[in-house]
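Report on the structure given below.
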Amino acid sequence: MTELPLIGEAIAVAAEPRLAGARIGVVTFPGTLDDRDAARAVRLAGATPVELWHADTALGDVDAVVIPGGFSYGDYLRAGAIARFAPLMAKIIDAANSDAKLPVLGICNGFQILTESHLLPGSMIKNDHLKFMCRDQVLRVENSNTAWTLDYEAGQEITVPLKNQDGQYIADEKTLDALEAEGRVVFRYVGFNPNGSRRDIAGISNSAGNVVGLMPHPEHAVEVGYGPESLDGIGGSDTDGLGFFTSVLNKIVGGAK
């Protein structure tokens, strides 16, 4: 019998030595829930996670940033609406839009914050069924050329956990048409749309491909034995989310395809 690692034992999965110097910032807001999970995913991919606090006024020497899930500021006013004005977000916005194109990944509440920050178009509203949804979700990779999807193939189907209440992605038809035409729909729900998102959209990118946001949680699918199994033969393994983090590391060190 293969022995599974104990929870808490962060063992990098086939990490390459060339990736070890990469530093990935993980942002914490009041109400953030998944910063530890995101940091663990970064570590498992082979990089060094760097704690970033919402009130920080500098990003420090980081090569990429993850804005994790949770309920920043209790989702008061609107999910992500207050977090968007945090001092650190100003630095992230500037760095993402700079010539250096800092890679930024927004997961769940992080995606909501990215739309509120106008780093990504559209908005997030309550699920169409008005209930909190928690399930393993099959996604199809529509764009494998972003900084966060280089280790996937276009058309590949993966399974990662999803948990949200304000997960319905909306935008006007002109914006949706532009996202489709420009290849900026990065992930689409397969088999079941859990929140009523327009055109089954689960994740999108900016035009440069360095900023990606999605509602499901890849950081919860990075370890053998602790992630979702394939659903009815659809999707992959319980480490399907690890590719997000290895992708950006390969981008950082210049190994992008």
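Hey, Asp200 hits all of (1) of a type outside the set (Ser, Thr, Tyr); (2) on the phi > 0 side of the Ramachandran plot; (3) touching a Ser or Thr at 6+ places or on another chain (Cβ under 8 Å); (4) at pLDDT 95 or above but one; which does it fall short on?
(3)
If Arg188 passes every condition in (1) open to solvent by 10 Å² or more (accessible area, probe 1.4 Å); (2) under 21 Å from Phe132 (Cβ atoms); (3) in a strand (DSSP E or B) but one, which one does it miss?
(2)
What are the pairs, 6+ residues apart or on separate chains, where a residue within the range 25-39 that is more than 13 Å from Glu219 (Cβ to Cβ) has its Cβ under 9 Å from a residue that is polar (S, T, N, Q) and open to solvent by less than 20 Å² (accessible area, probe 1.4 Å)?
What qualifies is Phe29/Ser72; Phe29/Asn109; Pro30/Ser72; Gly31/Ser72; Gly31/Asn109.
Here is a list of conditions, (1) free of Cβ contacts under 8 Å to residues at least 60 places away in the same chain; (2) open to solvent by 10 Å² or more (accessible area, probe 1.4 Å); (3) farther than 19 Å from Glu182 by Cα, and Lys163 meets all of them except one; can you say which number that is?
For Lys163, the failing item is (1).
Within the range 46-55, is even one residue modelled with pLDDT under 95, out of contact with any Lys or Arg (no Cβ under 8 Å at 6 or more places or on another chain) and among the acidic types (Asp, Glu)?
No, every residue in the range 46-55 fails to be modelled with pLDDT under 95, out of contact with any Lys or Arg (no Cβ under 8 Å at 6 or more places or on another chain) and among the acidic types (Asp, Glu).
Could you tell me whether Tyr152 is closer than 30 Å to Asp99 by Cβ, out of contact with any Leu (no Cβ under 9 Å at 6 or more places or on another chain) and part of a strand (DSSP E or B)?
In short, no.
Residues in the range 36-49: is at least one touching a helix residue (DSSP H, G or I) at 6+ places or on another chain (Cβ under 9 Å) and over 21 Å from Asn250 (Cα atoms)?
Looking through the range 36-49, none of the residues is touching a helix residue (DSSP H, G or I) at 6+ places or on another chain (Cβ under 9 Å) and over 21 Å from Asn250 (Cα atoms).
The values are calculated or read from the model by the stated rules, or taken from the named source; none is laboratory data. A quick note: this is a predicted structure, and the numbers were derived from the prediction, not measured. As a convention, Cβ positions derive from the backbone with ideal geometry for all residues, glycine included, and neighbour counts pool all protein chains shown. In case anyone asks, the SASA skips ligands and DNA or RNA and just uses the protein heavy atoms, side chains included. Shrake-Rupley method; radii C 1.70, N 1.55, O 1.52, S 1.80 Å.
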